[in-house]
Amino acid sequence: MEEVPRVPGETVKAVAKDVMYLCPFTGAVSGTLTVTDYKLYFKSLERDPPFVLDVNLGVISRVETISMQIGENNRGIEIVCKDMRNPRFAYKEEQSKLEIFETLTKHAFPLSNNLPLFAFLYKETFPEDGWKVYDPVAEYKRQGLPNESWTISKINSNFEVCDTYPAMLVVPTSIKDEELRKVASFRAKHRIPVLSWIHPESQATIVRCSQPLVGPSDRRCKEDERYLQTILDANAQSHKLTIFDARQSSVADTNKAKDGGYESESFYPNVELNFLEIPNIHVMRESLRKLREVVYPSIDEAHWLSGVDSTHWLEYIRLLLAGAVRVADKLECGKTSVVVHCSDGWDRTAQLTSLAMLMLDSYYRTLRGFQVLLEKEWISFGHRFAARLGHGDENHANSERSPLFVQFVDCVWQMTRQFPSAFEFNELFLITILDHLYSCLFGTFLYNSEQEREVHSKTVSLWSYVNNHTEDFTNPFYVNYENHVIYPVASLRHLELWVSYYVRWNPRMRPQMPVHQNLKELLVLRTELQKKVEELQRDVASSRSVSSSSDHGPSPSHTSTPLYTTV
Amino acid sequence: MLDGHRFICPVAGTCCESDRNLYWTDPPFPSGVGLGLGNSLPCFSSSCRSGRHIRLPSSFDRMEFAELIKTPRVDGVVLHRPFMPTVEGTLCLTGHHLILSSRQDNTEELWLLHSNIDSIEKRFVGSLGTIIVKCKDLRIIQLDIPGMEECLNIASSIEALSTLDSVSLMYPFFYRPMFEVVEDGWNMFLPEEAFKEIEFLTDEWRLSGVNKDFTVCPSYPQLVTVPRSIDDDTLRKVATFRHGGRFPVLSYYHKKNGMVMMRAGQPLTGTNGRRCKEDEKLINTTLRAGKRGYIIDTRAVNVAQQAKARGGGFEQEASYPQWRRIHKAIERSSILQESLIKLVEACNDQSQSMDRWLSKLEASNWQTHVKEILTTACLAAQCIDREGASVLVHGTEGTDSTLQVTSLAQIILDPSCRTMRGFQSLVEREWLQAGHPFQQRCAQSAYSNSKARSEAPVFLLFLDCVWQVLRQFPCSFQFNEHFLVVLFEHAYASQFGTFLGNNAAERLKLKLPQKTVSLWSWINRSQEMDHFLNPLYEPNNLVIWPSVAPQSLLLWEGVFLRWNRSSKYLDEAYDEMVHIIEYNKELQSKVNALRRQLAQLETGDGLLETP
């Protein structure tokens, strides 16, 4: 029997013949289903070319039995995936079939079955180690840090001050460690304000943190107040500090009752507080759930646009982009330092700071720079990937789940559409990131914080793979807009549903003509030709020297026909 | 009063070649636009190096316009445009243009054809008046004019000049090209020439001159292609049985299998099911023995039924047993016009509560019309290419939805229609000669206040559909999006005569070929052509089947959001692509040259081997 294609380290766990895949687009088809510890692989020879369905197990959110009766097939199963599809299978009640779906469930949720995530079994090697892409010291150095106002603090090197923060933090030079500890006790989850990005000219900074623990009694913290004043003072260009609280103001008030809250402008002089009115993770989860209903499997053609509208997905994308534009604009035009927080400072805060940084700093718009941005703002600063995505966990109804990172990547895609030459990477790169967000093939997005993450030696980084295939992920139109700040238009009219991601399973979405292939070929051709020109120039030069040394001058009268006309 | 009618010379040096720049500055150098007393007009622009004097055409009838221009010139006018810095300068009205010039070097001037103005609005704050000018190309500009009287005068002048009734007063009759017409667009796509190609492939068709005096069918050209076995007398009889005399004529011949697409007006069956033997004979002769054909009626069944009461109708099965009739539901022109107005309203809605944008877009139904037209075109193409059957397409008059379907079907089927020339030829054949009433349909656009008479964005919808296909097959078209946008603009307001008149008869009467310049004469100059060529083009000889799924159809931002966005970054990406392609070509020729050089060196000394 023909073997299924496997990645290094992948083993076949079960095979069953005569399973029927109920394709929502092209109808039912029978074939062989293989389950490995990494994927399910269905192949049918009934069609020409053979029909193949390849779904990695990491993407599975839940497996459900459904009632079914198609001929002999009296059992049915629906596999609900995190990437907007839910393939269904029908099969006859037989030992081998029952077993394979049991195996599937077991390996789809390894953590619930005392099995390792596949990333720990994956044995591929790449020439470059992607874990080395992000070096915080190098990145801060690139930003010109430390400088006289800001220092790299080792206070959290054992994750003692804040267990969800990275070991290395950039804080104001004049703040002593004891003060930092006091500030930490006044901030939710001890996530103190730290520098994310500094403007190379104005020295205005993006600072991120969690909400202050003001509580219903309007608690104050002198150290926190002084701390923010120091951040303000570090920027000579402005005598204001702007706080962007990502939350809806009503929610921030509710949080106050629950011991959280926000900075009172009367206790923090020179501080201006703005709410960005972005709803919470539960609203976003619900929005994407609705979007899935609109796009998969079938589309209500008559109500396509209003259907998309009713999910509010694009509205939230707009809110995020508009918020990030405000942050970026405050820094760039207002030359004012900005503090961004939400409740815990690991969801909306990460979305806003990273989007603003993409707008402000062209480095993050390169293939490498974007990896650094994700490693820094998302992974090292404790976006809770494990909790938000629920890798390997069968508990799909967990309220911690939320597609915040997907939403961020969607915002990036919207920006690439408005600035097609400003980004070194292409759409495939963004889709690849989202695919491996769930796949559990790489260690990159597996954990909640830097502390939890001891995966470097045991897993492969997604960037090892990406940086070994850069030509696939390069945008041919890239023009380095160095030092350009790009402000996307955050108006719904200029946003578009990312159909090539959300609706990609629908065969009617397949590009009619893969233009990216043409574009890629253009680049390949360019490189080839450049090489050829160099080679030939060398050859001509050496040929000249040979001929001149042997006294055979070239005969200009001799007209030779070109040897080749194409490369 | 005429003293003030000084003609402004646009910044010298840029003016002559600026025909292609039809955006903000739109100075298709208008020789003889101005209204002056003498035959030559002084320039007031200090930057006008040559002090060029313009000669007025002898036929120029100044008084026609002079009476309409109440205030020819106002200083201190401020122009506001989205994404552009405001400009303060002098506003001038000429017979055909609204011009705003800051009279400074290197600043763009605004040249706006009066015929491009769809409607205006006036507002006053104290003595400062504001005129909002809404254009047929969908842009909106604002002019702040000091002085209430000046403002009112300017407004009423613009209103009068932008709604001239007489076609012969239109700008194309006054425009003199500043380029040499190398190839006259008026002679480029003659029916005789098009027929030669068909004659080469088959002898089943002939060119008939039955309509040479436009009496058989006023909206057809003088020459039409009809089955060889049908004589002119029969055609005359058939014409009496078809709406507007539009008897079935050949629209497209599919080389691959010899199947044809014909188009016509609706049959005049009326309520009592009138028949016409000659009509039946005509269309039956186009069928191969034992084969069936398809009649695609672009109207829904109930609409076609209702047409009977007004003397129209559709082909009954009993009379046309060899034909299968399929009804599709492309909306009538008045509904399309409403749809355009709603769409543009939604696109221009500046209110912050844009949360229902997509719903508003959907409610405009524009995308539904695009989908319906494309679907019908695909159906026609499918019948011909996949079913191997001949097709007859008609709606009511056969001058709107019918042409959308026949022309799009050809784009799907025939690779030559996807070339620059081929597409021009298609527009010429299937729209201009086929009698789409451009003059009526494009009299107003989305901002019209007056009640629509027969305005409808039929041609714009066709261009939108072409854009959708182009977007799905970005390498299969020799032309680019810009070309389609330019066609849209020129259909509504132009210095060229191509889209004037409603049919061939009117064009002949207006003597357009003698008195105006053809749009094609300008587009096909190599200097202009470069802007319209698609750098990714690779000839694709296949039939291209577009996806008509709603998620595959997008809003045509290049037209509908064009003035609401800055296209700087999109243009830069496009330029970068062109740059890479050009650079690759350069490298390729360098490689060739070096190889030649190397070969010479080698044959010269005979020591080295070929690499």
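For the reader, a short list of remarks on this structure follows.
- Qualifying residue in region A:485-499 (condition: in a helix (DSSP H, G or I), buried (at least 17 other Cβ atoms within 10 Å of the Cβ), among the aromatic types (Phe, Trp, Tyr) and within 11 Å of another protein chain (Cβ to nearest Cβ)): no
- Residues satisfying the stated conditions in region A:295-323, i.e. open to solvent by 10 Å² or more (accessible area, probe 1.4 Å) and more than 10 Å from chain B (Cβ to nearest Cβ): A:Tyr296, A:Pro297, A:Ser298, A:Tyr316, A:Leu319, A:Ala322
- Out of B:Ser390, B:Ser407, B:Ser359, one residue alone is more than 30 Å from B:Glu538 (Cβ to Cβ), buried (at least 18 other Cβ atoms within 10 Å of the Cβ) and not basic (Lys, Arg). It is B:Ser390.
- Residues in region B:569-607 that are under 28 Å from B:Leu533 (Cβ atoms), more than 37 Å from the chain's Cα centre (by Cα), surrounded by fewer than 17 Cβ atoms within 10 Å (Cβ to Cβ) and at the interface with chain A (Cβ under 7 Å from one of its Cβ atoms): B:Lys590 only.
- Residue within region A:353-360 that is open to solvent by 10 Å² or more (accessible area, probe 1.4 Å), of a type outside the set (S, T, N, Q) and touching a helix residue (DSSP H, G or I) at 6+ places or on another chain (Cβ under 6 Å) present: yes
- Residues satisfying the stated conditions in region A:145-158, i.e. open to solvent by less than 40 Å² (accessible area, probe 1.4 Å) and assigned to a loop (DSSP other than H, G, I, E, B): A:Leu145, A:Ser149, A:Ile155, A:Asn156
- Scan of region A:519-534 for residues that are surrounded by 17 or more Cβ atoms within 10 Å (Cβ to Cβ) and more than 9 Å from every other protein chain (Cβ to nearest Cβ), ordered by number: A:Lys520
- Pairs are defined by a Cβ separation below 6 Å, a sequence spacing of at least 6 or placement on different chains, a first member in region B:265-293 that is without any contact (Cβ under 8 Å) to a residue 60 or more places away in the chain and open to solvent by 20 Å² or more (accessible area, probe 1.4 Å), and a second member that is assigned to a helix (DSSP H, G or I) and not basic (Lys, Arg); the pairs so defined are B:Leu268/B:Phe241; B:Glu278/B:Thr234; B:Glu278/B:Val238.
- When residues of region A:89-116 are limited to those that are outside any helix (DSSP H, G or I) and either over 28 Å from the mean Cα position of the chain (by Cα) or charged (D, E, K, R) (or both), the one farthest from A:Cys23 (Cα to Cα): A:Glu94
- Yes/no for A:Thr254 being among the β-branched types (Val, Ile, Thr) and surrounded by fewer than 22 Cβ atoms within 10 Å (Cβ to Cβ): yes
- The set of residues in region A:269-279 that are of a type outside the set (A, V, I, L, M, F, W, C) and surrounded by 17 or more Cβ atoms within 10 Å (Cβ to Cβ) contains only A:Pro279.
- Set B:Ser518, B:Ser547, B:Ser526, B:Ser566: member being within 30 Å of B:Ala446 (Cα to Cα), surrounded by fewer than 16 Cβ atoms within 10 Å (Cβ to Cβ) and either polar (S, T, N, Q) or within 9 Å of another protein chain (Cβ to nearest Cβ) (or both): B:Ser566
- Filtered residues of region B:550-563 (kept if open to solvent by 20 Å² or more (accessible area, probe 1.4 Å) and at the interface with chain A (Cβ under 9 Å from one of its Cβ atoms)): B:Leu554, B:Leu555, B:Glu557
- Count of region A:264-291 residues, restricted to those that are within 14 Å of chain B (Cβ to nearest Cβ) and either in a strand (DSSP E or B) or in contact (Cβ under 8 Å) with a residue 60 or more places away in the chain (or both), is 1.
Okay, residues lined up against (1) modelled with pLDDT of 80 or more; (2) of a type in the set (Val, Ile, Thr):
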{"residue": "A:Asn480", "(1), (2)": "no, no"}
{"residue": "A:Pro488", "(1), (2)": "yes, no"}
{"residue": "A:Ser491", "(1), (2)": "yes, no"}
{"residue": "A:Met513", "(1), (2)": "no, no"}
{"residue": "A:Val524", "(1), (2)": "yes, yes"}
{"residue": "A:Leu529", "(1), (2)": "yes, no"}
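- Within region B:519-528, the set of residues being in a helix (DSSP H, G or I) and out of contact with any helix residue (DSSP H, G or I) (no Cβ under 7 Å at 6 or more places or on another chain) comprises B:Ser526, B:Gln527.
- Residue-level analysis places A:Tyr227 among those that are open to solvent by less than 50 Å² (accessible area, probe 1.4 Å), among the hydroxyl-bearing types (Ser, Thr, Tyr) and part of a helix (DSSP H, G or I).
- Entry remark, region A:159-186: residues being in contact (Cβ under 8 Å) with a residue 60 or more places away in the chain and either touching a strand residue (DSSP E or B) at 6+ places or on another chain (Cβ under 7 Å) or buried (at least 19 other Cβ atoms within 10 Å of the Cβ) (or both) number 4 in total.
- Consider region A:420-437 and keep the residues that are part of a helix (DSSP H, G or I) and open to solvent by 10 Å² or more (accessible area, probe 1.4 Å). The one that is farthest from the other protein chains (Cβ to nearest Cβ) is A:His436.
- The criterion of being open to solvent by 60 Å² or more (accessible area, probe 1.4 Å), more than 8 Å from chain A (Cβ to nearest Cβ), modelled with pLDDT of 90 or more and under 30 Å from B:Asn211 (Cβ atoms) holds for B:Leu508.
Residue-wise test of (1) over 25 Å from A:Asp233 (Cβ atoms); (2) in contact (Cβ under 8 Å) with a residue 12 or more places away in the chain; (3) open to solvent by 10 Å² or more (accessible area, probe 1.4 Å).
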{"position": "A:Arg326", "(1), (2), (3)": "no, yes, yes"}
{"position": "A:Val340", "(1), (2), (3)": "no, yes, no"}
{"position": "A:Gly345", "(1), (2), (3)": "no, yes, no"}
{"position": "A:Ser362", "(1), (2), (3)": "yes, yes, yes"}
{"position": "A:Arg384", "(1), (2), (3)": "yes, yes, yes"}
{"position": "A:Pro403", "(1), (2), (3)": "yes, yes, yes"}
{"position": "A:Gln407", "(1), (2), (3)": "yes, yes, no"}
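- For region A:52-61, the criterion of a residue being out of contact with any Lys or Arg (no Cβ under 9 Å at 6 or more places or on another chain), at pLDDT 95 or above and closer than 18 Å to A:Glu10 by Cα is satisfied by no position.
- Annotation note: of B:Leu164, B:Leu138, B:Leu112, B:Leu143, the sole residue that is buried (at least 22 other Cβ atoms within 10 Å of the Cβ) and part of a loop (DSSP other than H, G, I, E, B) is B:Leu138.
Let's see how each residue does on (1) in a helix (DSSP H, G or I); (2) at pLDDT below 95; (3) of a type in the set (S, T, N, Q):
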residue	(1), (2), (3)
B:Thr376	yes, no, yes
B:Glu397	no, no, no
B:Leu403	yes, no, no
B:Ile411	yes, no, no
B:Ser416	yes, no, yes
B:Phe423	yes, no, no
B:Leu426	yes, no, no
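- Within region B:148-161, the set of residues being open to solvent by less than 20 Å² (accessible area, probe 1.4 Å) and more than 17 Å from B:Asp118 (Cα to Cα) comprises B:Cys151 only.
- Only a single item in (1) in contact with a Lys or Arg (Cβ under 8 Å, 6 or more places away or on another chain); (2) surrounded by 15 or more Cβ atoms within 10 Å (Cβ to Cβ); (3) under 21 Å from B:Glu193 (Cα atoms) is not met by B:Cys217, and it is number (3).
The values are calculated or read from the model by the stated rules, or taken from the named source; none is laboratory data. Predicted model, so just to flag it, every value in this text is computed and none were measured. A quick note on method: Cβ atoms are made from the backbone with ideal geometry, for glycine too, and the neighbour counts reach across all protein chains shown. Accessible surface is based on the protein model in full, side chains and every heavy atom, while ligands, DNA and RNA are left aside. Shrake-Rupley method; radii C 1.70, N 1.55, O 1.52, S 1.80 Å.
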